[in-house]
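One structure is given here, and the rest of the page talks about it.
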Amino acid sequence: MRVLGIYRESQFSPGKVDADAAILDAVLAALREKKLESSTVMAERIDSHFDAKANLVLAMCQGEHALERLAHLEKTGALVINSALAIRNCYRDLMGAGLTRAGIPAPRGVLLDLSRPEPRLEGIDATHELYVKRGDLHALGPEDVQRVDRLADIYAVLAAFVQRGIRKAYVQEAVSGLLVKFYGVSGGEYFAALPETGQLSFQAEQSLRQAAERAAAALGLEVWGGDAIVQDNSIMLVDFNDWPSFSRVRVEAARAIARRCMLLLRRRDQS
């Protein structure tokens, strides 16, 4: 059995290149203990190192070209985690709508086409604080997600996006409460909730886990993480990511990801 690991593009890993690489390396090490042969490649070099014989592909890449190559690997029979479609579902232009359709508790938001002369803020309350986010990828820098409390500031941020060549924006209502980072592996293999301060109640953690697992299933993810706001026992998912760095829980998460990979490989072979 052969496994190919694809590191995330450096442009999509601002300030986290080493941390992103470390979780992938840890999973590959765990899989080598299970007698899988491994190789790795940077997403930017996937054309010059394209292992069509891989049985399993661990993909942290996010660029459109790399996703095309992933889709090809899936068609040739490789098990890809996360799949090209699941990664693409985590672009903001698809994620908000995907979570809404699945009934996931999340702040209201609207996707704006900035190529139009007057983008309209419909379906959200623009009189309170909002987050203005680039509408394609996750934040690549601090200017890609900005909190604003005035309508004039919203349009100033949108104008700056247009000047930078960003053609879509996602405007999301801000919610108050305790910020919680969470990490998970599907199939019940692993879940961790790390509040910014204090501890979560058992009920709040269970509610968050259920919401996050439903969100992962809706987006098609096997390895995932994100941010939530918890107020009392009310949960709001404010962001969701394909394959985060798991920096604070790397050892446990790597083992869980390896277990999930082996289970899915066995299921595929038995089908």
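The values are calculated or read from the model by the stated rules, or taken from the named source; none is laboratory data. No experiment lies behind these values; they were computed from the predicted model shown. Here the Cβ positions follow ideal geometry from the backbone for every residue, glycine too, while neighbour counts run over all protein chains shown. Please note that ligands, DNA and RNA were not included when accessible areas were found on the heavy atoms of the full protein model with its side chains. Shrake-Rupley method; radii C 1.70, N 1.55, O 1.52, S 1.80 Å.
Cβ-Cβ distance below 8 Å, separation of 6 or more or different chains: which pairs start in the range 113-131 with a residue that is of a type in the set (Ser, Thr, Tyr) and end on one that is part of a loop (DSSP other than H, G, I, E, B) and open to solvent by 80 Å² or more (accessible area, probe 1.4 Å)?
Pairs that qualify, where the first residue is of a type in the set (Ser, Thr, Tyr) and the partner is part of a loop (DSSP other than H, G, I, E, B) and open to solvent by 80 Å² or more (accessible area, probe 1.4 Å), are Ser115/Arg167.
Go over the candidates Leu200, Leu237, Leu221, Leu265 one by one and state the one that is outside any loop (DSSP other than H, G, I, E, B) and farther than 18 Å from Ala30 by Cβ.
On the way: Leu200 fails: outside any loop (DSSP other than H, G, I, E, B); Leu221 fails: outside any loop (DSSP other than H, G, I, E, B); Leu265 fails: farther than 18 Å from Ala30 by Cβ.
Being outside any loop (DSSP other than H, G, I, E, B) and farther than 18 Å from Ala30 by Cβ holds for just one of Leu200, Leu237, Leu221, Leu265, which is Leu237.
Would you point out which residue out of Tyr170, Tyr183 is in contact with a strand residue (DSSP E or B) (Cβ under 6 Å, 6 or more places away or on another chain), open to solvent by less than 60 Å² (accessible area, probe 1.4 Å), farther than 15 Å from Leu112 by Cβ and aromatic (Phe, Trp, Tyr)? Don't jump to the end; show me each part of the working.
Values: Tyr170 fails: farther than 15 Å from Leu112 by Cβ.
None of the others qualify; the one that does is Tyr183.
Which pairs do you get when a residue that is without any contact (Cβ under 8 Å) to a residue 40 or more places away in the chain, found in the range 158-182, comes within reach of a residue that is surrounded by 13 or more Cβ atoms within 10 Å (Cβ to Cβ) and part of a loop (DSSP other than H, G, I, E, B), reach meaning Cβ atoms under 9 angstrom, with the pair 6+ apart or on two chains?
Note: pairs meeting the criteria are Ala159/Leu114; Ala160/Ile166.
Answer yes if at least one residue in the range 78-87 is open to solvent by 10 Å² or more (accessible area, probe 1.4 Å), aliphatic (A, V, I, L, M) and part of a strand (DSSP E or B), and no otherwise.
yes
Within the range 88-102, which residues are over 24 Å from Phe12 (Cβ atoms) and either open to solvent by 60 Å² or more (accessible area, probe 1.4 Å) or over 18 Å from the mean Cα position of the chain (by Cα) (or both)?
Within the range 88-102, Thr100, Arg101 meet the criteria.
Provide a single number: the residues in the range 257-271 that are in contact (Cβ under 8 Å) with a residue 12 or more places away in the chain and either more than 15 Å from Val57 (Cα to Cα) or open to solvent by less than 40 Å² (accessible area, probe 1.4 Å) (or both). Can you show your working first?
Step one: of the range 257-271, the residues in contact (Cβ under 8 Å) with a residue 12 or more places away in the chain are 257-265, 268.
Next, only the ones that are either more than 15 Å from Val57 (Cα to Cα) or open to solvent by less than 40 Å² (accessible area, probe 1.4 Å) (or both) stay: 257-258, 260-262, 264-265.
Going through the range 257-271 one residue at a time, the tally reaches 7.
Are any residues in the range 123-138 assigned to a loop (DSSP other than H, G, I, E, B) and open to solvent by 40 Å² or more (accessible area, probe 1.4 Å), and if so, which ones?
Looking only at the range 123-138, we keep the residues that are assigned to a loop (DSSP other than H, G, I, E, B), and these are 123-129, 135-138.
Matches in the range 123-138: Gly123, Asp125, Thr127, His128, Glu129, Asp136.
So Glu252 passes all but one of these: (1) open to solvent by less than 60 Å² (accessible area, probe 1.4 Å); (2) in contact (Cβ under 8 Å) with a residue 40 or more places away in the chain. Which condition number does it fail?
Exception for Glu252: condition (1).
I'd like the full set of residues that are open to solvent by 30 Å² or more (accessible area, probe 1.4 Å), under 20 Å from the mean Cα position of the chain (by Cα) and not aliphatic (A, V, I, L, M), limited to the range 192-204.
Hit for the range 192-204 is Glu196, nothing else.
Tell me whether the range 50-65 contains one or more residues that are under 23 Å from Tyr91 (Cβ atoms) and open to solvent by 70 Å² or more (accessible area, probe 1.4 Å). Show your work before the answer.
We begin by selecting, within the range 50-65, every residue under 23 Å from Tyr91 (Cβ atoms); these are 57-65.
Filter again for open to solvent by 70 Å² or more (accessible area, probe 1.4 Å), leaving 64-65.
For the range 50-65, residues under 23 Å from Tyr91 (Cβ atoms) and open to solvent by 70 Å² or more (accessible area, probe 1.4 Å): present.
If you check every pair at least six apart or on different chains, which have Cβ atoms under 7 Å apart with a residue in the range 189-205 that is within 21 Å of Ala256 (Cβ to Cβ) first and a residue that is of a type in the set (Ser, Thr, Tyr) second?
Ala192/Tyr183
Hey, any hits in the range 9-16 for a residue that's within 23 Å of Arg248 (Cα to Cα), among the small types (Gly, Ala, Ser) and outside any loop (DSSP other than H, G, I, E, B)?
So the first thing to find is which residues in the range 9-16 are within 23 Å of Arg248 (Cα to Cα), and the list is 9-16.
Now narrow it down to the ones that are among the small types (Gly, Ala, Ser): 10, 13, 15.
From what is left, the residues that are outside any loop (DSSP other than H, G, I, E, B) are 10.
Yes, because at least one residue in the range 9-16 is within 23 Å of Arg248 (Cα to Cα), among the small types (Gly, Ala, Ser) and outside any loop (DSSP other than H, G, I, E, B).
Of the conditions (1) within 26 Å of Arg248 (Cβ to Cβ); (2) buried (at least 22 other Cβ atoms within 10 Å of the Cβ); (3) modelled with pLDDT under 95, Thr40 clears all except one; give me its number.
Among (1) within 26 Å of Arg248 (Cβ to Cβ); (2) buried (at least 22 other Cβ atoms within 10 Å of the Cβ); (3) modelled with pLDDT under 95, the lone unmet condition for Thr40 is (2).
Does Val27 count as of a type outside the set (Gly, Ala, Ser), crowded, with 22+ Cβ neighbours inside 10 Å and farther than 15 Å from Asp242 by Cα? Before you say what the answer is, go through the steps one by one.
Values: of a type outside the set (Gly, Ala, Ser): yes; crowded, with 22+ Cβ neighbours inside 10 Å: yes; farther than 15 Å from Asp242 by Cα: yes.
Considered against the rule, which asks whether it is of a type outside the set (Gly, Ala, Ser), crowded, with 22+ Cβ neighbours inside 10 Å and farther than 15 Å from Asp242 by Cα, Val27 comes out as yes.
Would you check if there is a residue in the range 179-187 being at pLDDT 90 or above and in a loop (DSSP other than H, G, I, E, B)?
First, the residues of the range 179-187 that are at pLDDT 90 or above: 179-187.
Subsequent filtering for residues that are in a loop (DSSP other than H, G, I, E, B) retains 186-187.
Yes, the range 179-187 has at least one match.
Does Glu68 count as closer than 21 Å to Leu219 by Cα, of a type outside the set (Phe, Trp, Tyr) and over 19 Å from the mean Cα position of the chain (by Cα)? I'd like the intermediate steps shown before the answer.
On the way: closer than 21 Å to Leu219 by Cα: yes; of a type outside the set (Phe, Trp, Tyr): yes; over 19 Å from the mean Cα position of the chain (by Cα): no.
Here the answer is no, as Glu68 does not meet what is asked.
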